[in-house]
Amino acid sequence: MIWTNILGWVQQAVPFAAFLALAALGELLTEKAGSLNLGTPGTMCVGASAGFITVYSYCNAVEEPSVVLILLISLGSSFLAATLLGLLYSFFTVSLRINQNVVGLVLTIFGCGLAEFLSYYFVKSESGNVRCEAAFRVFTAKIPFLSEKLGWFSELFFRYGFMLYVTIAAVILLSLFFYHTRAGLHLRAVGENPGTADAAGISVTKYRYLASSLGAGLVGMAGLFCVMEFKSGAWSTADVYTLEAFGWLAVALVIFALWKPLNLLWGSLIFGFCYWAYVYLPQLLGVTVSTDLMRMLPYVITILVLILVNLRRHKGDQGPAALGLSYFREER
Amino acid sequence: MSEPNCTVIRLQNVTKTFGDVVANHDITMEIRSGEILSLLGENGSGKTTLMNLLAGIYYPDSGDIFVRGERVSIRSPQDAHRLGIGMIHQHFKLVEVFTPVENIVLGLREPYNPAAAEKKIGEICRTYGFSLDLKCRVRDMSVSQKQTLEIVKALYRGAEILILDEPTAVLTPQESDKLFEVLRNMRRDGKAVVIITHKLHEVLSVSDRVAILRKGEYIDTVETAKATEQSLTEMMVGKRVELNIERPPVERREKRLQVAHLSCRGRDGVTALSDVSFEAYGGEILGIAGISGCGQKELLESIAGLQKTEPGSEILYTGPDGKTESLLGKSAKQIRALGVSLSFVPEDRLGMGLVGGMGMTENMLLRHYAEGRSPLTRTRPSRQLAEKVRTDLEVVTPSLRTPVRRLSGGNVQKVLVGREIASEPAVLMTAYAVRGLDINTSYTIYRLLNEQKRKGVAVLYVGEDLDVLLALCDRILVLCGGRVTGVVDAAGTTKEEIGYLMTKQNGTEADAV
């Protein structure tokens, strides 16, 4: 009984952690270059709706949807749509130098609204809830041998769709990029001290545009990932609000991870366990707790971590020094 | 390497304007290899702007720049690197959380190989006699180490022409000497070195030639050997200036402040002051010397009630009425009402004390906002005060309503110091009152401080320039790492002694171990 409970908890928490980590990774990439994109929730919604709508239309249009095309269409369109939003963000904050917080919040409102509009307009259904079975199967397909033959090991580690492993790889790759490549060094310099980076011949504009756009693209893909995993391939206009909440959670996760990519891996797991605690923890402990109260856990933990980090006053734990600041070269 | 003493850079009729302000007007001058050139001028004379044209920060409106005989167009810092021009700015261009090596290779196009870079850096350090710790983070380095890092960075990029903007502003005399030694090594190596400065004794001791700018105009270049402090000042200011700072004899009156065992922690939780004890008397100027960030700010703020102190600290204040009270536990407002005033000029000048977006009148009002009972403000007294400060201190401003942010640095400082003096304090604390001011304005401020001293005010003067501290103050308290390393009589001490006290902590620590 206990084992089933724990196993269930893990199997729910891990996919949840994965799409959260992917979204947070996108935001982390953006923030490392000094741009605080609070448009992440909106970007997630746009990515999810664009990805779902295109793949849903494709699957309805053909008799035998091909796996490759499902992947290309769904991930490609969510990435593209979100990247466009990231470009818009860069244009406003880098080229026009509008306050990053304002632009980010505007994009969240805009993105959520757009996602709602798109899904209402393109995915007409009586119940308001439509499902794309073919895409769901592709996204949740298990690895053949590893997921069955190794007993509890398989149950714990290989009962998930491929996106989990893609996310882990992306986190590790991005960490290597930040700390072991010249471009990563330049990107961090732009986020820490754009004036210095500029004087050293690094294009602040180029790095911020690229980081914000690609970061937004990752966030968009995380949105689609969430629909396929968390919503089991179903979509309704009301899901926009679920996604928005997860978007804020991703922003919090970046802070929780202290802007270090590898921390995202275990940080997101904690968030995942906390999120699903409302189902499993009371059962395990044999008590009854209000569900709403339990669902606050990830946010409470973020607040606690922020307090702890500040109490420790360790210099290495701070975010990029120029985070949230626009850069003007001529300003003296 | 170029021939020694041949012209490497030639500026021909260079003009640069910012809006209506002409920063450099029709300047023609040259920089030679194998020599140290001082670029001398008052603040706002266009020294830094002129060199920024060479470093690719600004682009000239008209005129030509020739490097090694070829006409060049320097559009960006990279262009400057390619031409072998390296500039060390006053505000270092370093990423604090990076290691020195990461900072040095930042922006280079070569393959990313920290180990190889480290080796090359080691060679540069050996050639010119730098000592640089490559293992720490820049944020843990001292100012002088950061400066060394900046110079090494420029050399790593193959700089043949090195420009240093006020390099000694933040160094102790000993560190300055070390820097000059390195600069002489570079000269021997055939490099061209330009130092921007307004300190005359440095010009005379280190440079071969001096180029003088005044209000954006090029005046002349002279051989240092044929120049004197007086002749250089006249060229720089354009008129004869009395260079002696007056020090009226002390009429030491009653004790105003008694500080005992004062300890406190800074913002990051590190001990900023430990066991500081001293006394300040009316009618004398007590100078406070020390490398920047050694607790000067915390000391003044503790007295002004802006800084939390550790248990055991004691600050007693004796007012003109003879009543002695402890300042600890009083709010900043109460302390100010007792007649203890603080004017702190931070590096960006506007950080403390003035609101950049407000005019002079409103900034004067900031001191009196709590007086009176009406919900409406009464601006007339403040306007009169502002008018008085403006005429007394010759503040140049289009109107009293012009936001002080738009005034030049010197004028901003006059507003700040003027306001504090106008409140007729019994204890006047100023920090860096002449930071970045030109000679004329500096002397105005010294005159004002002396006036206060004659009136019997206890003046606490935190300064950077040791020559000024020695000439102006009666006693000098030296801080090092938050400790008092000595209180000396200004008339009977030397710069070297104070410089030694400023770095004494390391010595005593070494002795203790």
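The values are calculated or read from the model by the stated rules, or taken from the named source; none is laboratory data. Given the structure is predicted, the values throughout are model-derived calculations rather than measurements. So basically every Cβ, Gly included, is an ideal-geometry build from the backbone, and we count neighbours across all protein chains shown. Please note that ligands, DNA and RNA were not included when accessible areas were found on the heavy atoms of the full protein model with its side chains. Shrake-Rupley method; radii C 1.70, N 1.55, O 1.52, S 1.80 Å.
Straight-line cross-link partners of B:Lys308 among the lysines, defined as a Cα under 17 Å from its Cα and at least 8 positions apart when in the same chain: B:Lys297, B:Lys330, B:Lys333.
Scalar couplings 3J(HN,Hα) for segment A:97-106, obtained by applying the Karplus form with A = 6.51, B = -1.76, C = 1.60 to θ = phi - 60°, are 6, 7, 3, 5, 5, 4, 4, x, 5, 4 Hz; x denotes Gly and Pro. Residues whose amide H lies under 5 Å from that of B:Arg32, counting only those 5 or more places away or on a different chain, are B:Val8; hydrogens are built 1.01 Å from N in the peptide plane. For trypsin sites (Lys or Arg not before Pro), the sites in segment A:36-142 that DSSP calls loop and that have at most 16 other Cβ atoms within 10 Å are A:Arg97, A:Lys124, A:Lys142. A cut-off of 5 Å between modelled amide H atoms, ignoring neighbours fewer than 5 places along the same chain, links B:Ile195 with B:Leu37, B:Ser38, B:Leu39, B:Leu164.
Rank A:Gly42, A:Gly111, A:Gly151 by mean-square fluctuation in a GNM of chain A with C-alpha springs under 10 angstrom and give only the top-ranked residue. Answer for the Gaussian network model of chain A: A:Gly151.
Using square roots of five times the C-alpha gyration tensor eigenvalues, list the equivalent-ellipsoid semi-axes of segment A:122-272 in whole Å, biggest first.
Details: eigenvalues 228, 95, 37 Å².
Square roots of five times the eigenvalues give 34, 22, 14 Å.
Considering only A:Val130, A:Val68, A:Val204, the mean-square fluctuation computed in a Gaussian network model of chain A, springs between alpha carbons under 10 angstrom, is largest for A:Val68.
Rounded, prolate or oblate, given the Cα gyration tensor of segment B:128-269, with a/c below 1.5 counting as rounded?
Values: a/c = 2.58, a/b = 1.08, b/c = 2.38.
Verdict is oblate for segment B:128-269.
By the equivalent-ellipsoid construction on the alpha carbon gyration tensor, segment B:80-136 comes out with semi-axes of 17, 15, 15 Å, ordered largest to smallest.
Mind pulling the angle between the C-alpha long axis of helix A:239-256 and the longest principal axis of chain A? Nearest 10 degrees, somewhere in 0 to 90. With both axes taken from Cα atoms, the answer is about 50 degrees.
With the cut-off at 1.5 for a/c, could you classify segment A:94-157 from its C-alpha gyration tensor as rounded, prolate or oblate? Don't skip to the answer; put the middle values down first.
Working: a/c = 4.26, a/b = 1.69, b/c = 2.51.
The shape class here is oblate.
Remark: the protein assembly as shown projects, on average over all directions, an area of 45.2 nm² (convex hull of Cα atoms). Selection among A:Ser154, A:Leu243, A:Ser213 by position relative to the dipole of segment A:14-258 gives A:Ser213 as farthest towards the positive end (Cβ unit charges, Cα centre).
Translational diffusion of chain A, estimated by Stokes-Einstein from the Kirkwood radius over alpha carbon pairs at 25 °C in a medium of 0.890 mPa s, is 120 µm² per second.
Take every Cα pair under 8 Å whose residues are at least 6 apart in sequence, average their separation, divide by the length of segment A:14-258, and the relative contact order is 44 percent.
Placing +1 on the Cβ of every Lys and Arg and -1 on the Cβ of every Asp and Glu, with nothing else charged, gives the protein assembly as shown a dipole about its Cα centre of roughly 760 debye.
Tell me: how much accessible area in total is hidden between B and A, 1.4 Å probe, Å², nearest 100? Before the final figure, lay out each step's value.
Values: alone 23770 and 15860 Å², together 37550 Å².
Buried: approximately 2100 Å² between A and B.
If you wrap the Cα atoms of segment B:280-392 in a convex hull and average its projected area over all directions, you get 9.7 nm². Of the GluC sites (Glu not before Pro) found in segment A:81-161, those in coil by DSSP whose Cβ has at most 15 other Cβ atoms within 10 Å are A:Glu126, A:Glu148. Distance from the Cα centroid of segment A:1-65 to that of segment A:170-205 is 26 Å (rounded to whole angstrom). When the GluC sites (Glu not before Pro) in segment A:1-108 are filtered for DSSP coil states and for at most 15 other beta-carbon atoms within 10 Å of their beta-carbon, the remaining sites are A:Glu63. Taking every protein chain into account, the accessible area of segment A:175-307 amounts to 36 square angstrom per residue (probe 1.4 Å). The alpha carbon convex hull volume per residue for chain B rounds to 169 Å³.
For segment B:466-477, the Karplus equation 6.51 cos²θ - 1.76 cosθ + 1.60, evaluated at θ = phi - 60°, returns couplings of 5, 4, 5, 4, 5, 7, 8, 8, 8, 10, 10, 9 Hz by residue, with Gly and Pro reported as x. Here the dipole of segment B:162-236 is about 180 debye; that uses its Cα centre as origin and unit charges on the Cβ of Lys and Arg (positive) and Asp and Glu (negative). Expressed as a whole percent, the accessible surface of segment A:14-258 that belongs to carbon and sulfur atoms is 70, based on a 1.4 Å probe. For B:Gly486, the residues whose amide H sits under 5 Å from its own are B:Val478, ignoring neighbours fewer than 5 places away on the same chain, with H placed 1.01 Å from N. What whole number of Å gives the distance from the Cα centroid of segment A:209-240 to the Cα centroid of segment B:138-198? If we compute the Cα centre of each part, the gap is 52 Å. Inter-chain neighbour count for A:180-192: the average number of beta-carbon atoms from partner chains within 10 Å of each residue's beta-carbon is 4.
Can you compute the helix-only [θ] at 222 nm over chain B? Use -39500 (n - 2.57) per DSSP H run of at least 4 residues, normalise by all residues, nearest 500 deg cm²/dmol. Helices in chain B give a 222 nm mean residue ellipticity of -10000 deg cm²/dmol. In this structure, the residue pairs whose Cα-Cα separation is over 23 Å, taken from B:Lys119/B:Lys146; B:Lys93/B:Lys120; A:Lys206/B:Lys135; B:Lys199/B:Lys239; B:Lys239/B:Lys453, are A:Lys206/B:Lys135; B:Lys239/B:Lys453. Mean-square fluctuations from a GNM of chain A, with a 10 angstrom spring cutoff on Cα atoms, peak among A:Ala252, A:Ala24, A:Ala211 at A:Ala252.
Please calculate how many Å² of accessible area chain B carries per residue, with a 1.4 Å probe and no DNA, RNA or ligand atoms counted. Don't jump to the answer; show the numbers that get you there.
Details: 22770 Å² over 513 residues.
I get 44 Å² per residue for chain B.
Over chain B, what is the relative contact order in whole percent, taking alpha-carbon pairs under 8 Å and six or more residues apart? Across chain B, relative contact order equals 15 percent. Projecting the Cα atoms of A:Val103, A:Ile53, A:Ala135 onto the charge dipole of segment A:14-258 (Cβ charges, centred on the Cα centre) puts A:Val103 farthest toward the positive pole. Summarising the label geometry, the points placed 7 Å from Cα in the beta-carbon direction at B:Gln90 and B:Glu424 lie 3.6 nm from one another.
When a/c is below 1.5 the answer is rounded, else prolate if a/b is larger than b/c, else oblate, so apply that to segment B:257-512 with a ≥ b ≥ c taken from the square roots of the Cα gyration tensor eigenvalues. Prolate. Hey, quick one: spin label on B:Arg380, modelled 7 Å out along Cα-Cβ, who in segment B:387-431 has an amide N within reach, i.e. under 12 Å? Backbone N within reach: none found.
Ordering B:Ser341, B:Ser263, B:Ser142 by accessible surface, largest first, gives B:Ser142, B:Ser263, B:Ser341; the 1.4 Å probe counts only protein heavy atoms, with every chain in place. Relative contact order of segment B:257-512, taken over Cα pairs closer than 8 Å and 6 or more residues apart, is 27 percent. Coupling constants for segment A:6-14 follow from the phi torsions by the Karplus curve (6.51 cos²θ - 1.76 cosθ + 1.60, θ = phi - 60°), and in residue order they are 5, 4, x, 4, 4, 5, 7, 5, 5 Hz; glycine and proline get x.
Most tightly packed first, judged by the mean number of other beta-carbon atoms within 10 Å of their residues, the peptides B:416-426, B:113-123 read B:416-426, B:113-123. For chain A, take the longest principal axis of its alpha carbons; what is the angle in degrees between that and the long axis of helix A:182-192, to the nearest 10 within 0 to 90? Once rounded, one gets 70 degrees. The mean number of Cβ atoms from other chains found within 10 Å of a Cβ in peptide B:92-103 is 5, as a whole number.
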